[in-house]
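The values are calculated or read from the model by the stated rules, or taken from the named source; none is laboratory data. These numbers were taken from a predicted model, which means no experiment stands behind them. Note that each Cβ is placed from the backbone with ideal geometry, even for glycine, and that neighbours are counted across all protein chains shown. Surface accessibility is based on the protein's heavy atoms, side chains included, excluding ligands, DNA and RNA. Shrake-Rupley method; radii C 1.70, N 1.55, O 1.52, S 1.80 Å.
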Amino acid sequence: MSAPNKSYDPVEVEALKPEEVERARDEAIAAFAAATGLDELKQAKVAHTGDRSALSLANREIGALPPQAKAAAGKLIGQARGAVNQALAKRQAELEAERDARVLVEEAVDVTLPFDRAPRGARHPLTTLAERIEDTFVAMGYEVAEGPEVEAEWLNFDALNLGPDHPARSMQDTFFVAAPDGSPDSGVVLRTQTSPVQIRTMLDREPPIYAICPGRVYRTDELDATHTPVFRQVEGIAVDEGITFADLKGTIEQLVSKLIGDELELRWRPSYFPFTEPSAEVDLQCFVCRGASVGNPDRPCRTCSSEGWIELGGCGVVNPRVLIASGVDPNRYSGFAFGLGLERILMNRHNVADMRDMVEGDVRFTLPFGMEI
Amino acid sequence: MRVPLSWLREYVDLPAGETGRDVAERLIRAGLEVETVEQLGGDLKGPLVVGQVLSIEELTGFKKPIRHCWVNVGDANGTGEPQEIVCGARNFAVGDKVVVVLPGAVLPGPFPIAARQTYGHTSAGMICSARELGMGDDHDGIIVLPPEFEPGTDAIELLQLVDEVLDIAVTPDRGYCLSMRGVAREAAAAYGLPLADPALLDVPPANSYGYLVKVADPVGCDRFVARTVTGIDPAAQSPIWLQRRLQKMHVRPISLTVDITNYVMLEVGQPLHAYDRNRVDGPLQVRRASEGEQLTTLDGVKRKLSADDLLICDNSGPIGLAGVMGGASTEILDAVTDPETGEVTGSTEVIIEAAHFDPVAVARSAKRHKLPSEASKRFERGVDPEASRAAAQRAVDLLVLIAGGTAEAGVTDIAAPRPMRTITIAADLPDRVAGTEYGRETVTRRLQEVGCAVSGSDVLEVTPPTWRLDLTDPNDLVEEVIRLEGYDNVPARMPTVPPGRGLTEAQRMHRRVGVALAAAGYVEVNNYPFLGDAAFDALGLAADDERRRTVKLVNPLNDEEPALRTTLLPGLLATLRRNVGRGNTDLAIFEAGLVFRPKPEPVVAPRPAVDRRPTAEELAALDAALPDQPRRIAVALAGERQPAGWWGAGAPSGWADAVEAARTVARAAGVELEVRQDQHAPWHPGRCAALYAAGTDRLVGHAGELHPRVVKALHLPERTSAMELDLDLLSADGARTVEGPAVSGFPVATQDVALIVDRDVPAARVELALREGAGELLEAIRLFDVFEGEQVGAGKKSLAYALRFRATDRTLTADEASTARAAAVASAEARTGAVLRGA
């Protein structure tokens, strides 16, 4: 609001005559009504409401009036300007609606045109599957532990109750790292399992320990549809007072429920691992045939080879010998451990028929998995 | 271990209707890994009968010799008349007993049989081979039966053609299940039925007149039983039942004596060896080899022995690799028929060895000589040392019964004293391990079921049976109780986990980096870390390049790739090429993973004891033996980064994308990157960026376009670009804490400036100079144009920047903005030799 202008010549006070104000108002309203487009309306707006318009000039002159006349004049002009602005807004709305109906239709495009200008990327499903499993356990309070892939034999075997002549040591076909003199006696291997991370974790600190250890492991298998020499495991370990086989069962059931769902049955069967005693293998009911293919040659199931079950992984109560080698008092603490093969879970959970697809890095395989699975 | 159901039933009286699958399910839940249940003769249908060949007419004029036969099949064909059959096989004669399948029958395949016209005759059935009956793939010849069977006898029953066979993958702890006896024990426990133990035999006591055996190494051999059988009929053959059982176990029938030793091993789990007594020179001796000794084993291979090998010897030297394989010189001779006299010669006197060898000695010999045998497999996993006498007796009995032999009265039995193994276990340990309540009575009963002797009350003294060498620790006994009570019956419970720390900053960073690259259009790949020198050659690495120093494998998958990667690029570029080859031409891929850099002075890792925690020194030595394994991330790009389309032109990928990928990674890691010009293989010498963590002199990686020679050597698309950086180095300073900026609401003042500098002045230096000169009023600076051409002069380039100035506390005046701009320009002039364009 500008300050009252006291420099105006009182002679021009004439302009505040009510008829003049009404005339200016009516001319403005008529001009708005006559505008046929938004541009014309804009010109009319400048002409009739702009700084040099009659009503604006009249408004400015109020300040020069004797005080007793100001109120009446202000009211008069205020009403007139209100009517003008109302008419302007109404016509503005009318003309904009008209324009929308016409111009925006002309501007229409084919929004179904493909727009693949920014390339799509994706993370490997084995990475995101490992993260999903990690997250399940982190939510329970576990931590994620990692270890080296080139590992000391002592950590990969001896500490896990696999002595030099243990028959299970030949079960796992191991890549041996050459010693500086080229001999195989370096005491170093490519880890055959993620279990050495268990040992490292226990050596690292006192129980309670609840850890999940994902990682790449190595065995001297040739690559084919169901084997790869480099694969991924997720190992879990809990060491605390009073840990039992029942805790292991509950934990695995929880994982399966979160990862796969609750509809499929689990089968627990005794097995053998030197680092756990008792040991178990957990089988998941075949998600394709749900057991209907068993002994039924008319309905063979490729997924479970008509066995009705799919091997999920091995687990058990940590062998007290392993606790001893890791410096954990077996009289005070007990633990459980489990290991899962991620490739197998990916095959089952996402119906991947050939493991080679997970290895070869063809972007067509990975892209559909996106950022998370 | 294969287990025919018909054979298993001999030891356990399983319910009549129980199928192979039913039995498999029970055994699986008891811990035996039954992999398959094979249905033998599942689709077989008779009539399949014994026939006697009455006449053979040789038909000629066909492509191959054909026989037209008349065969007596008794009443099996309903008429009693001879059956007319055309046959292509030739290994039978008139009078032989054969197996005949008659019209209406179905052979495995299924292959229905009908009478048909062939070679000008009617063939009303077939004379069968073992292969056609699904008995084995040994040979194509037809089966000639022993003479004692009557024509017309049902051959399905006679040849035990219908059966179910369980195939069990026996885990290393359950060596006793590599026998029918062991599996039967498990089946009996699983069904709660009694076991008819095949090793419960009457055995005469040891005496002093058995075959002389000297055991010089009682650690390597703590039991040696020897028995002698004479007068064996070399013409005697394994009876059909014996052959059939061996065939179902996938063991090839060889000769009667060998078949019997194999059979007894499969039955009771004790590996036996038979020597031809007439070929053994003097007493049997058990000792370790001397360096340089040699032995020709049964497979005809001459083997150099090492001092660790445990041997069976006679006066002539080694005659067997103990527990692994016998020697050729004392082998049982094959029966040979003299074509003129018809007389059959072969071994007639045999020594049966039933010994117990040290598992480690056997395992090492088998491994050293690459000779895994049925015997070594069992010794390695543990053989019941108390089964030796019974096994030898069983073999003797069969040789007497089937081969017409006479058992000599001498019984050699050398036994080293064996300490009684007793395990002390709290009676409630199984309850505490399982997390449920079994009670002492159940625990005792279950342990007794597996063959343990149990005494005590709250604390139990448990003596495991001699065949359970795996039961050594209290937890081993716990597993026996829990598995027999059923793993399925253990309750499920969740442990109470204390609050966790969540992911570490490094773990979160690794995830962010992957997400950031994927969001920027990169696809993640995972490559094997194996490579060879060729990969470094292709990258054009100098001979002394650090990356050529690798960790090497003793037994690589591929001899060309014996080393572990020191850079992610070879694997990544191979995957890029593979994708291009498959028609995926516009590519942006990334990999995150470990590389392996040997320590300057690699050392051998120690093998500390396992009965205690390693000492700090031992732990340090373990880590010192490992190579450095930093985590890296790399990208590779080829083709178009943005495709052309209806919106206009596309953009090829190039060095700038590779550098930007590094910035993307660094931003996700919360680190600023400083980019410097560099020359570094395998990059293009003029298009290679060295990447530094800003504010440090720490080189974290490189990015840019690959050297054209590398592109050519690896058959990559032209202008392939790549980036590799070390995530551990990048984040070495830890996460910085961002301070929230005070956002000014005052208006911005924008000023443009174009500077002419020498062509080789890096834009990053010019920008830095402008920034520092402009002072704190500068809010942002952006290079919006780079120009080279006549207008700016040869060897020069023009860099155009938009500068945004803003104050936090006032509206800048035009003068203030211009002063700041002038200061920025002056700084650039002073530090980079820049000249204001148009000035």
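Placing +1 at every Lys and Arg Cβ and -1 at every Asp and Glu Cβ, with all other atoms neutral, what dipole size does the range A:279-319 have around its Cα centre, in debye to the nearest 20?
Value, rounded to 20: 160 debye.
What are the ³J(HN,Hα) couplings of the range B:60-77, residue after residue, when phi is run through the Karplus curve with 6.51, -1.76, 1.60 and θ = phi - 60°? Round to Hz, x for glycine and proline.
Each residue's phi maps through the Karplus curve to give 10, x, 9, 4, 9, x, 10, 10, 10, 10, 10, 10, 7, 10, x, 8, 4, 8 Hz.
Kindly state, to the nearest 0.05, the FRET efficiency for residue A:256 paired with residue B:709, given R0 = 45 Å and r defined as their beta-carbon distance.
Working: r = 53 Å, r/R0 = 1.17.
Approximately 0.30, to the nearest 0.05.
Tell me the label-point distance for the pair residue B:617, residue A:226, using the 7 Å Cα-to-Cβ offset, in nm and rounded to one decimal.
5.0
Among B:421-434, B:477-490, what's the highest-first ranking by average C-beta atoms within 10 angstrom per residue?
Details: B:421-434: 18.4, B:477-490: 21.4.
Peptide ranking by packing, descending: B:477-490, B:421-434.
Provide a whole-number value for the mean count of partner chain Cβ atoms within 10 Å of the Cβ atoms in peptide B:466-476. Intermediate values should be presented prior to the final figure.
Values: counts 0, 0, 0, 0, 2, 0, 2, 5, 2, 12, 3.
If you average over the peptide's residues, the count of other-chain Cβ atoms is 2.
For the range B:679-805, list log₁₀ I(q)/I(0) at each q in 0.09, 0.11, 0.14 Å⁻¹, using the Debye formula over Cα point scatterers of equal strength and ignoring solvent, two decimals each.
-0.42, -0.62, -0.93
Place +1 on the Cβ of every Lys and Arg and -1 on the Cβ of every Asp and Glu in the protein assembly as shown, take the dipole about the Cα centre, and give the residue among A:49, B:151, B:162 whose Cα lies farthest towards its positive end.
The Cα lying farthest towards the positive end belongs to A:49.
Pull up all non-local amide H partners of residue B:523: gap of 5 or more, or a different chain, and H-to-H distance under 5 Å with H placed in the peptide plane.
Amide H neighbours of residue B:523: A:122, B:588, B:589, B:590.
Whole Å is fine, so just give me how far the alpha carbon centre of the range A:56-122 lies from that of the range B:634-649.
Using only Cα atoms, the two centres lie 45 Å from each other.
What average count of beta carbons from other chains do you get within 10 Å of the Cβ of residues in A:315-328? Don't jump to the answer; show the numbers that get you there.
Details: counts 0, 2, 7, 1, 3, 4, 5, 1, 1, 4, 7, 4, 4, 1.
If you average over the peptide's residues, the count of other-chain Cβ atoms is 3.
Compute the acute angle (0 to 90°) between the alpha-carbon long axis of helix A:195-204 and the principal axis of greatest extent of the alpha-carbon atoms of chain A; round to the nearest 10°.
Once rounded, the angle reads 80 degrees.
Would you work out the charge dipole size for chain B about its Cα centre, treating the Cβ of every Lys and Arg as +1 and the Cβ of every Asp and Glu as -1, and quote it to the nearest 20 debye?
Numbers: 89 positive and 118 negative charges, 550 e Å.
That gives chain B a dipole magnitude of about 2640 debye.
For the pair residue B:679 and residue A:265, how long in nm is the line joining their label points, each one 7 Å along Cα→Cβ?
With each label point 7 Å from Cα toward Cβ, the separation is 7.2 nm.
Compare the Cα positions of B:770, B:789, B:799 along the charge dipole of the range B:761-839 (+1 at Cβ of Lys, Arg; -1 at Cβ of Asp, Glu; about the Cα centre) and return the one farthest towards the positive end.
B:789
Over chain A, what relative contact order in percent results from Cα pairs under 8 Å that are six or more residues apart?
Details: 566 pairs, mean separation 58.1, N = 373.
Relative contact order of chain A: 16 percent.
Taking a point 7 angstrom from the Cα of residue B:453 along the C-beta vector, which residues in the range B:413-428 have backbone N less than 12 Å away?
Only B:420-423 fall inside the zone, counting backbone N under 12 Å.
Provide B:341, A:228, B:737, B:615 ordered by accessible surface of protein heavy atoms (probe 1.4 Å), highest first. Kindly include the intermediate steps, with their values, before the conclusion.
Details: B:341 100, A:228 5, B:737 125, B:615 55 Å².
So, going from the largest accessible area down, we get B:737, B:341, B:615, A:228.
Can you list, largest first and rounded to whole Å, the semi-axes you get for the range B:146-213 by taking the square root of 5 times each eigenvalue of its Cα gyration tensor? Mind showing how you got there, number by number?
On the way: eigenvalues 196, 136, 38 Å².
The equivalent ellipsoid of the range B:146-213 has semi-axes of 31, 26, 14 Å.
So what's the range B:565-631 giving for Cα Rg divided by 2.2 N^0.38 Å, two decimals? Walk me through the intermediate numbers first.
Details: Rg = 19.3 Å, N = 67, 2.2 N^0.38 = 10.9 Å.
The range B:565-631 yields a ratio of 1.77.
Suppose a student asked you for the relative contact order of the range A:276-320, using Cα pairs under 8 Å spaced at least 6 residues apart; what percent would you report? Spell out each step's value before the answer.
Numbers: 74 pairs, mean separation 24.9, N = 45.
About 55 percent, as a whole number.
Using helices alone, I'd like the mean residue ellipticity at 222 nm for the protein assembly as shown: each DSSP H run of four-plus residues gives -39500 (n - 2.57), total over residue count, nearest 500.
Working: 34 runs with 357 residues, N = 1212.
Rounded to the nearest 500, the figure is -9000 deg cm²/dmol.
Where does helix A:18-34 land angle-wise versus the long Cα axis of chain A, in degrees 0 to 90, nearest 10?
The angle comes out at about 50 degrees.
Based on the Cβ-Cβ distance of residue B:776 and residue B:545, what FRET efficiency does E = 1/(1 + (r/R0)^6) give at R0 = 30 Å, to the nearest 0.05? Before the final figure, lay out the partial values.
Values: r = 45 Å, r/R0 = 1.49.
The computed FRET efficiency comes out at 0.10.
What is the calculated FRET efficiency for residue B:560 to residue A:354, with r their C-beta to C-beta distance and R₀ = 30 Å, to the nearest 0.05? Write out the running numbers ahead of the final one.
Values: r = 25 Å, r/R0 = 0.82.
Efficiency at R0 = 30 Å is approximately 0.75.
Give me Rg/Rg_expected for the protein assembly as shown, where Rg uses Cα atoms only and Rg_expected = 2.2 N^0.38 Å with N residues.
Details: Rg = 44.0 Å, N = 1212, 2.2 N^0.38 = 32.7 Å.
Compactness ratio reported: 1.35.
When only alpha-carbon atoms are used, what values of Rg and Dmax, in angstrom, describe the range B:203-273?
15.0, 41
How high is the relative contact order of chain B, in percent, counting Cα pairs under 8 Å that sit 6 or more residues apart?
Values: 1722 pairs, mean separation 65.9, N = 839.
Computed over chain B, the figure is 8 percent.
Could you please put A:230, B:162 in sequence from largest to smallest accessible area, using a 1.4 Å probe?
The ordering from most to least exposed comes out as B:162, A:230.
Provide, in order from the shortest bin, the percent of all Cα-Cα pairs of chain A in each 10 Å bin, continuing until the bin that contains the maximum pair distance.
Using 10 Å bins, I get a P(r) of 4, 17, 19, 12, 6, 4, 5, 8, 11, 9, 4, 1, 0 for chain A.
Using only Cα atoms, locate the centre of the range A:302-336 and the centre of the range B:137-177, then give the distance between them in Å, rounded to an integer.
Cα centroid to Cα centroid, the span is 39 Å.
Whole-Hz ³J(HN,Hα) for each residue in the range B:635-645, computed from phi via Karplus 6.51 cos²θ - 1.76 cosθ + 1.60 with θ = phi - 60°, x for glycine and proline: what do you get?
After applying 6.51 cos²θ - 1.76 cosθ + 1.60, I find 10, 9, 9, 8, x, 8, 7, 10, x, 6, x Hz.
Kirkwood hydrodynamic radius for the range B:519-589: how many Å is it when counted over pairs of different Cα atoms?
Taking every pair of different Cα atoms in the range B:519-589, averaging 1/r and inverting gives 13.4 Å.
Just tell me how shielded B:552-561 is by partners: mean number of partner chain Cβ atoms within 10 Å of each residue's Cβ, no decimals. Walk me through the numbers before you get to the answer.
Working: counts 7, 10, 12, 8, 5, 8, 1, 0, 0, 0.
Average per residue, whole number: 5.
Name the residues whose placed amide hydrogens come within less than 5 Å of the amide hydrogen of residue B:779, ignoring near sequence neighbours (fewer than 5 apart) on the same chain.
B:804, B:805, B:806
For B:250, B:369, give me the order by solvent-accessible area with a 1.4 Å probe, most accessible first, ignoring ligands, DNA and RNA.
On the way: B:250 130, B:369 20 Å².
From most accessible down to least: B:250, B:369.
In units of 2.2 N^0.38 Å, what is the alpha-carbon radius of gyration of chain B? Could you put the intermediate results ahead of the total?
Details: Rg = 41.0 Å, N = 839, 2.2 N^0.38 = 28.4 Å.
Cα Rg divided by the expected 2.2 N^0.38 Å: 1.44.
At residue B:193 and residue A:34, where each label point lies 7 Å from the Cα along Cα→Cβ, what is the point-to-point distance in nanometres?
The modelled label-to-label distance comes out at 11.4 nm.
For the protein assembly as shown, give the magnitude of the charge dipole about the Cα centre (Cβ charges: +1 Lys/Arg, -1 Asp/Glu; no others), in debye to the nearest 20. It would help to have the intermediate numbers written out before the result.
Values: 128 positive and 177 negative charges, 629 e Å.
Dipole size: approximately 3020 debye.
Which distance in Å, rounded to a whole number, links the C-alpha centroids of the range B:29-80 and the range B:474-493?
First find each Cα centre; the distance between them is then 49 Å.
So, by mean Cβ neighbours within 10 angstrom, what's the order for A:104-117, B:231-244, B:739-752 with the highest one leading?
On the way: A:104-117: 7.7, B:231-244: 17.9, B:739-752: 11.0.
Put in order of decreasing packing, that is B:231-244, B:739-752, A:104-117.
Would you kindly find the accessible area of residue A:146, with a 1.4 Å probe and non-protein molecules such as ligands, DNA and RNA excluded, rounding to the nearest 10 Å²?
100
Once the other residues with Cβ under 10 Å from the Cβ of residue A:231 are scored (Lys, Arg +1; Asp, Glu -1), what is the net sum?
Details: positive: A:216, A:219, A:232, A:344; negative: A:221, A:343.
Result for the local shell: +2.
Against the longest alpha carbon principal axis of chain A, how many degrees, from 0 to 90 and to the nearest 10, is the axis of helix A:38-49 turned?
Value to nearest ten degrees: 50.
What is the local net charge at residue A:333, summed over the other residues whose Cβ is closer than 14 Å to its Cβ (Lys, Arg +1; Asp, Glu -1)? Walk me through the numbers on the way to the answer.
On the way: positive: A:205, A:321, A:332, B:432, B:613; negative: A:206, A:240, A:241, A:247, A:329.
Spelling it out: positives minus negatives among the neighbours equals 0.
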